[in-house]
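J.: Quick one: the structure is below, questions incoming.
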There are 2 protein chains.
Amino acid sequence: MLALTSGDPSGIGPEIVAAALKNPDVLASARILVVGPESVRPAGVETYDPSASAQDVSWAASEDDRAWTLGTATASGGRAALAALRAGVDLVQAGCAQALVTAPVCKEALHLAGERVEGQTELLARWDAADPYEMVAEAGDLRVMLLTRHMPLRDALDAIDGDGIVDHLVLFDRALRAQGIERPKLAIAGLNPHAGEGGLLGHEEHRTITPAVRAARQKGIDVGDPRSPDMVFLEGARGDYDGVLALYHDQAFIPLKLLSQGRGLTWIAGLSYLRMSPVHGTAFDIAGQGVADPENLVHALQEAARRVRSGQKTR
Amino acid sequence: MLALTSGDPSGIGPEIVAAALKNPDVLASARILVVGPESVRPAGVETYDPSASAQDVSWAASEDDRAWTLGTATASGGRAALAALRAGVDLVQAGCAQALVTAPVCKEALHLAGERVEGQTELLARWDAADPYEMVAEAGDLRVMLLTRHMPLRDALDAIDGDGIVDHLVLFDRALRAQGIERPKLAIAGLNPHAGEGGLLGHEEHRTITPAVRAARQKGIDVGDPRSPDMVFLEGARGDYDGVLALYHDQAFIPLKLLSQGRGLTWIAGLSYLRMSPVHGTAFDIAGQGVADPENLVHALQEAARRVRSGQKTR
């Protein structure tokens, strides 16, 4: 069984969840237990009954004060999203569900609710006491781990350090092995144009990144010297590598969003269970209009089910 | 007639030029005068004869000491590339050719030859006394102008200033109008993840970029507030904008190379004539092996011919 959280009720989460639950391919791939506010439970979806064995789709109501407003960040929406997520994690950790799939939350709403966290990734890692951990995003054959996540670009540049690179490469290698890739072939993006062009266009490559890559190779990781950022994601997408380590958010998400075609996924390397998420956000601007496309969530559910069936781990 | 330079003779330039000259679609689209070292003139391509009117393809020999080595940057290769480029520009400026198409040069070789320049763009702009000017790169429907070109990422961040943004937006607008787009719709990428997310993820957007965009709008430019970098190129590629201003090299070239599929082009806004180039480099690693793909150069030649026929200007 998969646990599925409905996300921030002010966003498109509830409507894409409702649409995904009607998708025959989703229903064929796994039993699904949704965790979310009772007020957004779709008609026809039964309340979860732990003693019933035949519920293909069911709903476990999580806390909700119904004070949220569609299309905007509120403390109430943040609290509802947090309650659903916590309940979803409890179900997975108790062994009732084999993986967690999450609809989007809104960082600002989490903050308004008193949870000063960067996003779901950090929250889930904290609740799981996962250390080390890191987000991995996928689009087709391209798998990208992020060295730095949601921070100003200048801060990301300052956060690039050799030890962090080695640790991330080791974590990535281990997570891909846990997924069944026997000898993961990794790449790392440079920071500067053409990966610094031998020092002409920047020094981070030869001062920090290349030495870290060599240290990782000493630990048995199959990774080459930093590649030109405008080539490495193209190379990853055509299957040259099992994974690419990106140095900052947009270096990863510019190519991922171009390639994902509405089917991008993220998971968390180092977490004790599989958590899968679509790459889009709450889309407050279209929430409640019935135009949100459930395809990405559908793909996340199918892919989570496939990985659970094949026994893949994330650490 | 199009002038075509053969680029650095140590790279793939001569072989892709030779292949392009055999392409029937290229031959059908324009008369071509190649400028390059006599030593790389393909068999069957006649020497240029200004008094002959019926040469569909001809070759004007430029200076060459033949001391270059295939597959490596040398002063000799840089000198040969410079001589061909200078002769090509002379042909266009004299009115003998209506546009210039250039095979790749190597920056390191130019430096070895004593020309300390960032690349062909800067050299051509200097020779043309073009001011302002800027490189524009295209992949399908996505057109991207660069605010900063080949420099370390840290330097690019420091080089982002409001006046530069306004000047670039004005230049881009004017160049697109000269191409026949009546009311160009422009966008600008933010610098930080999610364009700073209202200041949570960086301040450059609200301190520098947004005020500059407003100043540009005051000048009649149709441009919105900074967009999330991981969305704006996707939006540009699906035709939401006529042009996107990118803030740094990889922000532009990661999406451009993913989308170009071997057909990416660059031109220079503000130059007095049309100069078109493929997006790839000299590819020293495969030079002379006969495996280089001429498709990008073929596309550049066809597209230059099309724009000359339709009377498009670049300023």
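J.: To the nearest 20 Debye, how big is the dipole of the protein assembly as shown about its Cα centre, given +1 on the beta carbon of each Lys and Arg and -1 on that of each Asp and Glu?
T.: Value, rounded to 20: 560 debye.
J.: If you count only protein heavy atoms with a 1.4 Å probe, what accessible area per residue comes out for the protein assembly as shown, rounded to a whole Å²?
T.: Ligands and nucleic acids excluded, the result is 38 Å² per residue.
J.: Counting only protein heavy atoms, probe 1.4 Å: which residues of the stretch B:129-157 lose 30 Å² or more of accessible surface in the full assembly compared with their chain by itself?
T.: B:150, B:152, B:153, B:154, B:157
J.: While we're on this one: Using modelled backbone amide H atoms (1.01 Å from N, in-plane), which distant-in-sequence or interchain residues come within less than 5 Å of residue A:188's amide H?
T.: A:224, A:227, A:245
J.: Among A:37, A:211, A:294, whose mean-square fluctuation peaks in a Gaussian network model of chain A (Cα, cutoff 10 Å)?
T.: A:211
J.: Please label the shape of chain A as rounded, prolate or oblate, based on the square roots a ≥ b ≥ c of the eigenvalues of the alpha-carbon gyration tensor (a/c under 1.5 means rounded; beyond that, a/b larger than b/c means prolate, else oblate).
T.: Taking the square roots of the gyration eigenvalues as a ≥ b ≥ c, chain A is prolate.
J.: Calculate the mean, over all residues of peptide B:191-201, of how many other protein chain Cβ atoms lie within 10 angstrom of the residue's Cβ.
T.: Taking the mean over all residues of the peptide, I get 5.
J.: Local charge sum around residue A:9 (other residues, Cβ-Cβ under 13 Å, Lys/Arg +1, Asp/Glu -1)?
T.: So the environment of residue A:9 carries a net charge of -3.
J.: Right, something else. Tell me, how many Å apart are the Cα centres for the stretch A:104-164 and for the stretch A:1-44?
T.: 24 Å
J.: I've got another one for you. Name the residues of the stretch A:253-294 whose accessible area, probed at 1.4 Å, falls by at least 40 Å² once all protein chains are in place instead of their chain on its own?
T.: Residues losing area: A:254, A:257, A:258.
J.: Nearest 100 Å² is fine: what is the total accessible surface buried where chains A and B meet, probe 1.4 Å?
T.: Summing both sides, the interface buries roughly 3100 Å².
J.: Now for a separate question. So which GluC sites (Glu not before Pro) in the stretch B:162-218 pass both tests, a DSSP loop state and at most 12 other Cβ atoms within 10 Å of the Cβ?
T.: Here the sparse-neighbourhood loop sites are B:182.
J.: Over all pairs of distinct alpha carbons, what does the Kirkwood formula give as the hydrodynamic radius of the stretch A:134-263, in Å?
T.: By the Kirkwood definition, the hydrodynamic radius is 14.4 Å.
J.: Evaluate the charge dipole of the stretch A:128-182 about its Cα centre and quote only its size in Debye, nearest 20, assuming +1 on the Cβ of each Lys and Arg and -1 on the Cβ of each Asp and Glu.
T.: About 140 debye.
J.: Of A:257/B:185; B:22/B:257; A:185/A:219, which pairs sit farther than 20 Å apart, going by alpha carbon to alpha carbon?
T.: Correct reply: A:257/B:185; B:22/B:257.
J.: Further question: Of the options B:199, B:78, B:5, report the single residue whose Cα projects farthest towards the positive end of the charge dipole of chain B (beta-carbon charges: Lys, Arg +1; Asp, Glu -1).
T.: The one lying farthest along the dipole's positive direction is B:5.
J.: Along the three principal axes, how long is the protein assembly as shown when you take its alpha carbons, biggest first, rounded to the nearest angstrom?
T.: 94, 56, 43
J.: Continuing with this model, one more query. Apply the a/c threshold of 1.5 to the C-alpha gyration tensor of the stretch A:166-241 and tell me whether it is rounded, prolate or oblate.
T.: Oblate is the answer for the stretch A:166-241, as a/c is 1.5 or above yet b/c matches or exceeds a/b.
J.: Give me, ordered by chain and number, the residues 5 or more places off residue A:62 or on other chains with an amide H under 5 Å from its own placed amide H.
T.: A:36, A:38
J.: Name all residues of the stretch B:242-284 having a backbone nitrogen under 20 Å from the label point set 7 Å from the Cα of residue B:131 along its Cα→Cβ direction, giving them as ranges.
T.: B:268-273
J.: Same structure again: Net charge near residue B:64: determine it from the other residues with C-beta under 11 Å of the C-beta of residue B:64, scoring Lys and Arg +1 and Asp and Glu -1.
T.: Surrounding charge for residue B:64 is 0.
J.: Within the set of other residues whose C-beta is less than 15 Å from the C-beta of residue B:235, count the net charge using Lys and Arg as +1 and Asp and Glu as -1.
T.: Residues close to residue B:235 contribute a combined charge of -3.
J.: What residue among A:105, A:40, A:144 has the largest mean-square fluctuation in a Gaussian network model of chain A, using Cα springs under 10 Å?
T.: A:40
J.: Taking the Cα of residue A:118, stepping 7 Å toward and past its beta carbon, and measuring to each backbone N in the stretch A:239-277: which are under 15 Å?
T.: Inside the label zone: A:246-253, A:267-271.
J.: Please state the charge dipole magnitude for chain B, taken about the Cα centre, from unit charges on C-beta atoms (+1 on K and R, -1 on D and E), reported in debye and rounded to the nearest 20.
T.: 660 debye
J.: Report, in deg cm²/dmol and to the nearest 500, the calculated mean residue ellipticity at 222 nm for chain B, where each DSSP H run with n ≥ 4 adds -39500 (n - 2.57) and the sum is divided by the residue count.
T.: -11000 deg cm²/dmol
J.: Could you look at chain A and say what percent of its accessible area is carbon and sulfur, using a 1.4 Å probe and all protein chains?
T.: That fraction is 47 percent.
J.: Let me ask something additional. DSSP loop trypsin sites (Lys or Arg not before Pro) in the stretch A:91-127 with at most 14 other Cβ atoms within 10 Å of their Cβ, which ones?
T.: In loop regions of the stretch A:91-127 (DSSP not H, G, I, E or B), the sparsely surrounded trypsin sites (Lys or Arg not before Pro) are A:116.
J.: Oh, and also: Obtain the nm distance between the two label points defined at residue A:286 and residue A:67 by a simple spin-label model: each point lies 7 Å from its Cα along the Cα-to-C-beta direction.
T.: Using points 7 Å along Cα→Cβ, the separation is 3.1 nm.
J.: Then there's this: Who wins for biggest fluctuation among B:127, B:267, B:68 in a Gaussian network model of chain B, springs between alpha carbons below 10 Å?
T.: B:127
J.: Distance between the C-alpha centers of the stretch B:231-286 and the stretch A:242-315? Whole Å please.
T.: What the calculation gives is 28 Å, centre to centre.
J.: Once you sort the root eigenvalues of the Cα gyration tensor of the stretch A:1-71 as a ≥ b ≥ c, which label holds: rounded (a/c under 1.5), prolate (a/b larger than b/c) or oblate (the other case)?
T.: Oblate shape, in that a/c is at least 1.5 and b/c is the bigger or equal ratio.
The values are calculated or read from the model by the stated rules, or taken from the named source; none is laboratory data. Keep in mind the model is a prediction, meaning the values are calculated, not measured. A quick note on method: Cβ atoms are made from the backbone with ideal geometry, for glycine too, and the neighbour counts reach across all protein chains shown. Heavy atoms of the whole protein, side chains included, go into the accessibility calculation; ligands, DNA and RNA do not. Shrake-Rupley method; radii C 1.70, N 1.55, O 1.52, S 1.80 Å.
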